[in-house]
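Below: one structure, written as structure tokens.
The values are calculated or read from the model by the stated rules, or taken from the named source; none is laboratory data. Computed from a predicted model, the values in this text were never measured in an experiment. Every residue, glycine among them, receives a Cβ derived from its backbone with ideal geometry; neighbour counts consider all protein chains shown. Ligands, DNA and RNA are stripped out before the accessible areas are found, and what is left, the full protein with its side chains, is counted by its heavy atoms. Shrake-Rupley method; radii C 1.70, N 1.55, O 1.52, S 1.80 Å.
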Amino acid sequence: MSQKQLKEAFISNLNGTSLLEISVGLSLAPLCLLCRGLLLILYHLHYGKPVSSRQYSLLLDFLVLVSPLLFSCTVLSPVLFSMPVILTAFCTGIFSKICSQRKRQTRVPFGQIVKEFQQAYLDPEYIPAITVFRVYVNVLTSISILAVDFPQYPRRYAKAETYGTGVMDLGVGAYVFGNALVCPEVRQKSHVTQPKFSNLARQFCSIWPLVSLGIGRLLSVKSIEYHEHTSEYGVHWNFFFTLAFVRLAASLLLAVFPKNKSWIVALTLAALYQLLLNTTSLKAFLLHGSSGRDSRVGFLDANREGLLSLIGYLAIYLASVQVGLWLLKCRGSVKGWLGALRVLALAVLVLFVSLHVSQAHMDPVSRRMANLSFCLWVIAHCLMLFIFFVATDLTLVFTKLLVKGSSVPCSWGVVKPPDSNEKHGAEAAPVGRGDKLPHLCLISAINKNQLLFFLLANVMTGAVNILVDTIHSKAAFALCILHLYMFVNCLIMSTLHAKNIVLKFW
């Protein structure tokens, strides 16, 4: 077999992993974020000032926010279930150290801090968990698209061929989910009246970079005979085209139907699509082609996976729009967000029960078809990850109140109640939203140029695969390559952020 055929076989005919393993893996990113926040609070408490060196800040962020995830999906994957326990113990140790140092500096009763926390108001204009969710989906996707070509990346984490729940299958759906959370329909103020199709026109202007990237990827892959998984999207289709079409189609539907009922449109689309798969020959066509022999004759036949799965991705996008609208309702207090967490947890429970019923009586999860089970699975796990991030943020808010103020980038700012103009203590300017410490946060840096980050990851992945025999690489070499690849990308984002450069011209 040629090198191209070997690499294609290496990422084909896989069956995914268990829902439990994916759920456990999702807890790692929030725990890394919590660990970073607690370390910064401890540093501030010990030295009386935040980390002032951009180089040290980038190194800390990379080693705590990125590196553990890279290890967890490669050499530490056999002990993945132990990782959350280890990280939780580490965070508990840091928190204990913070509490012991605080006792030497203040005599404020712990119970009073708890009461103050429950009554605290948060910056209503900024929900850090949305930013962190979108950034981490990008980071995890970037790690996986290169790591999957190395033998140290477990095959069960790669994309499943037809049925199954691979980590990379979730990443595709989560990317769509995260994009919808900040779409124009969500960000538009409810009291502002605009022409009905204004958001559609805006999407027409904003999707052309995605279409251009899709065409560029298609031409480059075909011209250098780069290995590709045909059953993923088809012969000519790719994820850039999917994302562009879904954004455009969603804006069209939301111009026709009320956006606060988008979950009904999403459920209707997913259910009707599943009905067509089960009652017509559509499923057989999608899996085996028009001739039944995996034919690829004609544009529709050649790209059937990419074209037909658009319906499922569109349903995920519309459901996420509903989530985004609900999250932006006035939840300015800690008490309000604790209530929101309960509602989200209930929604996750309902989605997992629905997923069990869907898999038992209709179809298992299939990223290739983007069927109803796939939609339910993606939304359930995305909401679960979001819950973890909100819980992490609230924990950091409590810890900052405990030490009477500290700077933690991309964390909620505590403010006075709406009827008061006075800000709360050291949180006068919520860090992460403003530019108080713009160069000291890797998450903010990636967030500013997310599309560029993803594009660079794709380009560097291609370069590594051309230059390196990834399939036969040893563990130490693979880890060095993966760390260098991620660090270079993060360094570029950090440098652009420090210079306040946003490469977005559309």
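Before moving on, here are some points about what is shown:
- Volume per residue of the C-alpha convex hull in region 236-325, rounded to whole Å³: 93
- Rounded, prolate or oblate (a/c below 1.5 giving rounded, otherwise prolate when a/b exceeds b/c) for region 291-367 by Cα gyration tensor: oblate
- Relative contact order, whole percent, for region 36-155 stands at 36, derived from Cα pairs under 8 Å and 6 or more residues apart.
- Pairs from K329/K499; K7/K159; K261/K448; K222/K448; K159/K283; K159/K448 whose Cα-Cα separation, in the structure shown, is over 23 Å: K329/K499; K261/K448; K222/K448; K159/K448
- Highest mean first, the peptides 379-385, 242-248 sorted by other C-beta atoms within 10 Å per residue fall in the order 379-385, 242-248.
- Sorting the segments 138-144, 123-129, 219-225 by their mean number of nearby beta carbons within 10 angstrom, highest to lowest, gives 138-144, 123-129, 219-225.
- Projected area averaged over orientations for region 1-67, convex hull of C-alpha atoms, nm²: 7.3
- Each Cα pair under 8 Å and six or more residues apart adds its sequence gap; the mean of these over the residue count of the chain is a relative contact order of 25 percent.
- Rounded to the nearest 20, the size of the Cβ-charge dipole of region 154-289 about its Cα centre is 460 debye, with Lys and Arg at +1 and Asp and Glu at -1.
- Per residue Cα convex hull volume in Å³ - calculated over region 24-130: 139
- Counting only aspartates and glutamates at least 8 places from K335 when in the same chain, those with an alpha carbon closer than 20 Å to its own are E116, D123, E125, D393, D419, E427.
- Projected over all directions and averaged, the alpha-carbon convex hull of region 171-330 occupies 10.5 nm².
- Protein heavy-atom accessible surface, 1.4 Å probe, per residue over the chain: 43 Å².
- The overall shape of region 127-170, judged from the alpha-carbon gyration tensor, is oblate: a/c is not under 1.5, and a/b is no greater than b/c.
- When +1 charges are put on Lys and Arg Cβ atoms and -1 charges on Asp and Glu Cβ atoms, the dipole computed for the chain relative to its Cα centre reaches about 1300 debye.
- Percent accessible area from carbon and sulfur atoms, region 287-412, protein chains only, probe 1.4 Å: 68
- Convex hull volume of the chain per residue (C-alpha atoms, cubic angstrom): 152
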